[in-house]
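K.L.:
There's a structure below that I have some questions on.
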2 protein chains.
Amino acid sequence: MVSKKALSKLKIIPLGGLFEIGKNITVIEYNNDIIVIDCGLIFPEDEMLGIDVVIPDITYLLKNREKVRGIVLTHGHEDHIGALPYILKKINVPIYGTKLTLGLVDYKLKEHNIKNVKLNVVKPGKSVKLGCFNIEFIRNNHSIPDSVSLAIHTPVGIVVHTGDFKIDYTPINGEVIDLHKFAELGRKGVLVLMAESTNVERPGYTMSEKTVGDTFNDIFMKAKQRIIVATFASNIHRIQQIINAAIMFNRKVAVSGRSMVNVVNVAKDLGYLDLPDGVLIDINEIDKYPDNEIVVITTGSQGEPMSALARIASSEHKKMELMPGDLVIISATPIPGNEKMVAKVINQLFKKGADVIYEALADVHVSGHACQEELKLIHTLLKPKFFIPVHGEYRHLKQHAQLAEELGMPRENIFIAENGSVIEFTKDKGKFGQQVIAGNILVDGLGIGDVGNIVLRDRKHLSEDGLIVVVVTISKENGKVIAGPDIVSRGFVYVRESEDLMEEAKEKIRVVLAECEKNHITDWATLKASIKDELRNFLYSKIKRNPMILPIIMEV
Amino acid sequence: MVSKKALSKLKIIPLGGLFEIGKNITVIEYNNDIIVIDCGLIFPEDEMLGIDVVIPDITYLLKNREKVRGIVLTHGHEDHIGALPYILKKINVPIYGTKLTLGLVDYKLKEHNIKNVKLNVVKPGKSVKLGCFNIEFIRNNHSIPDSVSLAIHTPVGIVVHTGDFKIDYTPINGEVIDLHKFAELGRKGVLVLMAESTNVERPGYTMSEKTVGDTFNDIFMKAKQRIIVATFASNIHRIQQIINAAIMFNRKVAVSGRSMVNVVNVAKDLGYLDLPDGVLIDINEIDKYPDNEIVVITTGSQGEPMSALARIASSEHKKMELMPGDLVIISATPIPGNEKMVAKVINQLFKKGADVIYEALADVHVSGHACQEELKLIHTLLKPKFFIPVHGEYRHLKQHAQLAEELGMPRENIFIAENGSVIEFTKDKGKFGQQVIAGNILVDGLGIGDVGNIVLRDRKHLSEDGLIVVVVTISKENGKVIAGPDIVSRGFVYVRESEDLMEEAKEKIRVVLAECEKNHITDWATLKASIKDELRNFLYSKIKRNPMILPIIMEV
């Protein structure tokens, strides 16, 4: 007889965050206990036309809902907490995280009008017990405060999940990543390491956040004009450094952009921003001060068209107008895919006569993620038996696996998993189990998951070639055409310039209809297909375009 | 009486290439003579949905067609020659360029079935006289061979147009940019400099093309597997270096991708590729050789979905199948906007088990454009009186202007122009004249300029929210509804999942129709507007989406 204990395995199941940067969510399961690490969203790919956000498919959690003890959050970025409002509607479980992380979650849930969720604050350095798991929160450094790594003590051994991190020896709040804890865990013995892979392609070290403050101080010292700084709303250390520079050089600080205002409020209320009285002023007040006494902190560092900075650049901001000579600092790097939007805003700002400082011109940004040497340090301190690279596209996971191998880990102990992979561990063995359901759920307006491949394919077709609707009214009695064909087009050609083309097209359809009538074809599917074929061939030969053709037959 | 000579001014009119990187075309005009420098296209912005390419508006040239003496080309890149097939159909004038440039133009014109164009080869170091202009071709270095700068000797002074260039002291073909000529022109006195601005944000120097060859040699020396190198088809020096490495390490070379095959053929025929017999093999033959004796040179370095490399990565290439262990080198940098496409291909290649080397991992690419120190050298050698920064977005032009100012040029002698600007020069003065027509002409299939803002706006709307067509048939006699409303949707929601929604929508429309009938509203515009409003409000309240709504009324 095999004892129950011998059968029990620890399962690690990433439901999101692999083969992608975003949508992080990982299941840790042992017998009747499941904990979930993070619950993030990802922004849609270019081909996901019209989609607002993408969230993970949590079918697996719903099937095992009675096992789920809670969701544990590593930090407050959208790709780690952004899916909570959607997921919590389907499965309401307690949430665990640090104070700031939960402050941001709380704000988000209120926005979505979600109540009755238990938010449990855990301090870095403390632990929480969920089912058979004991989860230690370990302070780390990242581009948002109160970020943690997790050491999950399980019946078969310790699993360390780094969360997102970098190693900053001179962080703004003085709180260096808890390397001693990593060393201690390494001494105890770590079964599995899950480490983030975002910057694995970059050699060396990520610079300290403090270096950006030095740049700010240099810029602020010389500047005589108004200063506008765009950065990520969640980068509270960055905001603190802007505030510090403002105070040092006698400037008032105003804040613009919805998420910036929100995050500054949450951070201030929870004590994460050191903001002496009288420094912060309302954006409506800025014109009351001389130019050299104003700093505006704003959203829009990614060039988002609706953001405060984009509105400032296009003179559509309600509260402030850009003036020639204003100094704009874009304190961020474009996320891949946003390069052209950012460039567009920079060009607009320059055209309006602003001076613009951005990453290509000065050190106004550092990454929040560990580069190769930092990753090596964590691997070396933890000395894990098994390794699962996480938080990366396939190329990142692959290269992180190579890095682990170079550090001496046997290849067979490294698991390059994908979303839905199940990796099963005992005290001394690890192997892939049977895959579970995982994937993308597209959110479009209030619809969650109702936009699928067919809808997206149609949107793509419509976006490239537009549409032609052909309407014909046919007699119920004898199948003869009573009215039409009428043609309506959108997104195809500008009609006034193409009247002849449309007349020709109608004539072609008339011939098809006559032909069908002659051959006694009254089957609508055949009729529609004939119209479609004729029109498609005609238009392609005339103009080399392939619009969507929608034949509609009305019967009276 | 004012003499005619006193009235004559040199006009420089950029019709494309400013506030953008691409679509380069500049008019140089003096009295009855016009020459045109370059005639390029630009690839569509993201919001130009369905557009193939964008060409410059040449209304100004058509209005002055009797003055145009010829088009002078600086080099064979698409953003300098790509609009020729479209423009030459409207204004057939002689073309002047170096041998390779015209070889590429010739190929392009044949593809478009354009005949009777006079192509006149000019050797670097030689001049051509067009009307009152004497145009010297000056050898420079760039990422395509046979690239030149131009010194245009005009009645009021010398205009130097750099074309695209870098300074390469160790170019692959041994032919260094003709710095002596630049020095000589500087001594003579240059009236106006037009210099490219692509890399003005980058400090220092662009590395020599040769450094990429060194990297290739290192990689080829160690590689035991098949090697696939993706690069720009027009980068013939790069291709030469791949061939050189192949020969050195005993590999045969096969070529894949339409434009790569074409360019290699043109370059080989014209003597721009040193390709000993027996090195080049057909792509169909590669399986006859051991893995370590094969190099495939391919298109697709920008991740273009239909390119050879993308097909290789997705196992859709007809002639070759990627094998685990194949080594893929992406010898290019993503053009802004292409980052995600390139990343996608890299991920796919890794997943198929290939090793992939790209810019983030090794020095497998250098730019073809001058960085700050190179620009300073050219400015310093030429000592121009006036300066027009060209070939750049606004930020580049602005920063190039700043660079010139830092080198001592008075601000009022620098002209940051836009497309359609006219800058008028006499021997000692320059000023902006009256703007002329310039702009984008969108090419979609065979249609040139028939897709405008309305069509694009509709395509965008359709792409984001899809479409709902509502058809109602109404009696001619009494205005009563005979059939319908019928609803057809595309790109909105997947219909099977939304039958209830559609039924509700129909009911709403029925109510509107009844209401209209009751109120004796038979005016179609009002009827359509009522249907649209009702449906729009209904759908937005139900699902927060805003599809295009097309009401169609048939009368019988």
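K.L.:
Quick check, is B:Thr74 touching a Gly at 6+ places or on another chain (Cβ under 6 Å) and assigned to a loop (DSSP other than H, G, I, E, B)? Steps first, please.
P.N.:
On the way: touching a Gly at 6+ places or on another chain (Cβ under 6 Å): yes; assigned to a loop (DSSP other than H, G, I, E, B): yes.
For B:Thr74, the condition - touching a Gly at 6+ places or on another chain (Cβ under 6 Å) and assigned to a loop (DSSP other than H, G, I, E, B) - is met.
K.L.:
Identify the residue in the range B:375-417 that is in a strand (DSSP E or B) and more than 14 Å from every other protein chain (Cβ to nearest Cβ) and, among all such residues, is nearest to B:Lys23 (Cα to Cα). Working first, answer last.
P.N.:
Of the residues in the range B:375-417, the ones in a strand (DSSP E or B) are B:386-390, B:392, B:414.
Filter once more, keeping what is more than 14 Å from every other protein chain (Cβ to nearest Cβ): B:386-388, B:390, B:414.
Details: B:Phe386: 23, B:Phe387: 20, B:Ile388: 17, B:Val390: 12, B:Ile414: 22 Å.
Of everything passing the filter in the range B:375-417, B:Val390 is nearest to B:Lys23 (Cα to Cα).
K.L.:
Being crowded, with 17+ Cβ neighbours inside 10 Å and assigned to a helix (DSSP H, G or I) is the filter; apply it to the range A:492-501 and report the residue that is nearest to the other protein chains (Cβ to nearest Cβ).
P.N.:
Looking at residues that are crowded, with 17+ Cβ neighbours inside 10 Å and assigned to a helix (DSSP H, G or I), I get A:Ser498.
K.L.:
Any residue in the range A:448-468 that is more than 7 Å from chain B (Cβ to nearest Cβ) sitting within a Cβ distance under 6 Å of a residue that is small (Gly, Ala, Ser) and surrounded by 16 or more Cβ atoms within 10 Å (Cβ to Cβ)? List the pairs, counting only those 6 or more apart or interchain.
P.N.:
Going by the 6 Å Cβ cut-off, the qualifying pairs are A:Ile468/A:Ser489.
K.L.:
For B:Leu150, only one of the following conditions fails: (1) without any contact (Cβ under 8 Å) to a residue 60 or more places away in the chain; (2) within 22 Å of B:Lys429 (Cα to Cα). What is its number?
P.N.:
Every condition holds for B:Leu150 apart from (1).
Table: residues versus (1) part of a strand (DSSP E or B); (2) in contact with a helix residue (DSSP H, G or I) (Cβ under 8 Å, 6 or more places away or on another chain); (3) within 18 Å of B:Val255 (Cβ to Cβ); (4) touching a residue at least 24 places away in the same chain (Cβ under 8 Å).
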{"residue": "B:Leu275", "(1), (2), (3), (4)": "no, yes, yes, yes"}
{"residue": "B:Asn284", "(1), (2), (3), (4)": "no, no, yes, yes"}
{"residue": "B:Asn292", "(1), (2), (3), (4)": "no, no, no, yes"}
{"residue": "B:Val295", "(1), (2), (3), (4)": "yes, yes, yes, yes"}
{"residue": "B:Ser301", "(1), (2), (3), (4)": "no, yes, yes, yes"}
{"residue": "B:Leu309", "(1), (2), (3), (4)": "no, yes, yes, yes"}
{"residue": "B:Met320", "(1), (2), (3), (4)": "no, yes, yes, yes"}
{"residue": "B:Pro324", "(1), (2), (3), (4)": "no, no, no, yes"}
{"residue": "B:Pro334", "(1), (2), (3), (4)": "no, yes, no, yes"}
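To keep it simple, each residue is scored yes or no on (1) within 14 Å of another protein chain (Cβ to nearest Cβ); (2) touching a His at 6+ places or on another chain (Cβ under 8 Å); (3) closer than 19 Å to B:Val148 by Cα; (4) among the acidic types (Asp, Glu).
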{"residue": "B:Lys23", "(1), (2), (3), (4)": "no, no, yes, no"}
{"residue": "B:Phe43", "(1), (2), (3), (4)": "yes, no, no, no"}
{"residue": "B:Glu47", "(1), (2), (3), (4)": "yes, no, no, yes"}
{"residue": "B:Leu84", "(1), (2), (3), (4)": "no, no, yes, no"}
{"residue": "B:Asp106", "(1), (2), (3), (4)": "no, no, yes, yes"}
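K.L.:
Test A:Ala370 against the stated conditions and say whether it is in a loop (DSSP other than H, G, I, E, B), within 25 Å of A:Glu418 (Cα to Cα) and more than 12 Å from every other protein chain (Cβ to nearest Cβ).
P.N.:
Values: in a loop (DSSP other than H, G, I, E, B): yes; within 25 Å of A:Glu418 (Cα to Cα): yes; more than 12 Å from every other protein chain (Cβ to nearest Cβ): yes.
In short, yes.
K.L.:
Let me ask another. Hey, any hits in the range A:12-28 for a residue that's modelled with pLDDT of 95 or more, under 15 Å from the mean Cα position of the chain (by Cα), part of a strand (DSSP E or B) and farther than 29 Å from A:Lys123 by Cα?
P.N.:
yes
K.L.:
I'd like to check something: does the range B:286-294 contain any residue that is farther than 25 Å from B:Val356 by Cβ and either out of contact with any Asp or Glu (no Cβ under 7 Å at 6 or more places or on another chain) or of a type in the set (Asp, Glu) (or both)? Full working, then the answer.
P.N.:
Here is the first cut: in the range B:286-294, the ones farther than 25 Å from B:Val356 by Cβ are B:288.
Add one more test, that the residue is either out of contact with any Asp or Glu (no Cβ under 7 Å at 6 or more places or on another chain) or of a type in the set (Asp, Glu) (or both), and what stays is B:288.
Yes.
K.L.:
So in the range B:342-363, with the set limited to residues that are part of a loop (DSSP other than H, G, I, E, B) and either of a type in the set (D, E, K, R) or surrounded by fewer than 24 Cβ atoms within 10 Å (Cβ to Cβ) (or both), which one is nearest to the other protein chains (Cβ to nearest Cβ)?
P.N.:
B:Ala360
K.L.:
OK, next. So which residues in the range B:49-82 are in contact with a strand residue (DSSP E or B) (Cβ under 6 Å, 6 or more places away or on another chain), surrounded by fewer than 22 Cβ atoms within 10 Å (Cβ to Cβ) and within 30 Å of A:Gly491 (Cα to Cα), if there are any at all?
P.N.:
B:Ile51, B:Asp52, B:Val53, B:Asp57
K.L.:
Looking at B:Val328, is it β-branched (Val, Ile, Thr), part of a loop (DSSP other than H, G, I, E, B) and within 14 Å of chain A (Cβ to nearest Cβ)?
P.N.:
On the way: β-branched (Val, Ile, Thr): yes; part of a loop (DSSP other than H, G, I, E, B): no; within 14 Å of chain A (Cβ to nearest Cβ): yes.
Judged against the criteria, B:Val328 is not a match.
K.L.:
Tally time: how many residues in the range A:244-271 are within 16 Å of A:Asn173 (Cα to Cα) and surrounded by fewer than 22 Cβ atoms within 10 Å (Cβ to Cβ)?
P.N.:
Number of matching residues: 4.
K.L.:
With respect to the numbered conditions (1) at pLDDT 95 or above; (2) out of contact with any His (no Cβ under 6 Å at 6 or more places or on another chain); (3) surrounded by fewer than 22 Cβ atoms within 10 Å (Cβ to Cβ); (4) not aliphatic (A, V, I, L, M), which one is the sole condition not fulfilled by A:Phe133?
P.N.:
A:Phe133 satisfies all of (1) at pLDDT 95 or above; (2) out of contact with any His (no Cβ under 6 Å at 6 or more places or on another chain); (3) surrounded by fewer than 22 Cβ atoms within 10 Å (Cβ to Cβ); (4) not aliphatic (A, V, I, L, M) except (3).
K.L.:
For the range A:165-215: of the residues being within 28 Å of A:Asn244 (Cβ to Cβ) and basic (Lys, Arg), which is surrounded by the fewest Cβ atoms within 10 Å (Cβ to Cβ)?
P.N.:
Kept after step one, since they are within 28 Å of A:Asn244 (Cβ to Cβ), are these residues of the range A:165-215: A:165-179, A:198-199, A:202, A:204-215.
Checking the rest, the ones that are also basic (Lys, Arg) come to A:166, A:202, A:210.
Details: A:Lys166: 27, A:Arg202: 17, A:Lys210: 15.
The residue in question is A:Lys210.
K.L.:
Let me ask something else. Scan the range A:469-491 for residues that are among the β-branched types (Val, Ile, Thr) and at the interface with chain B (Cβ under 7 Å from one of its Cβ atoms) and jot them down.
P.N.:
We begin by selecting, within the range A:469-491, every residue among the β-branched types (Val, Ile, Thr); these are A:469-474, A:481-482, A:487-488.
Those that are among the β-branched types (Val, Ile, Thr) and at the interface with chain B (Cβ under 7 Å from one of its Cβ atoms): A:Val469, A:Val471, A:Thr473, A:Ile482, A:Val488.
K.L.:
I would also like to ask the following. Tell me the residue from A:Ser489, A:Ser475 that is over 30 Å from A:Ala83 (Cβ atoms), of a type in the set (S, T, N, Q), surrounded by 15 or more Cβ atoms within 10 Å (Cβ to Cβ) and in contact (Cβ under 8 Å) with a residue 12 or more places away in the chain, please. Steps first, please.
P.N.:
Working: A:Ser475 fails: surrounded by 15 or more Cβ atoms within 10 Å (Cβ to Cβ).
The conditions single out A:Ser489.
K.L.:
What are the residues in the range B:113-160 that are closer than 17 Å to B:Glu29 by Cα and assigned to a loop (DSSP other than H, G, I, E, B), if any? So that I can check it myself, show each step before the final result.
P.N.:
Going residue by residue through the range B:113-160, those that are closer than 17 Å to B:Glu29 by Cα are B:128-136, B:150-160.
Listed by number, the residues that qualify are B:Gly131, B:Cys132, B:Pro155, B:Val156.
The values are calculated or read from the model by the stated rules, or taken from the named source; none is laboratory data. It should be emphasised that the depicted structure is a prediction, and the values quoted were computed from it without experimental measurement. Cβ: placed from backbone, ideal geometry, glycine included. Neighbour counts: every protein chain shown.
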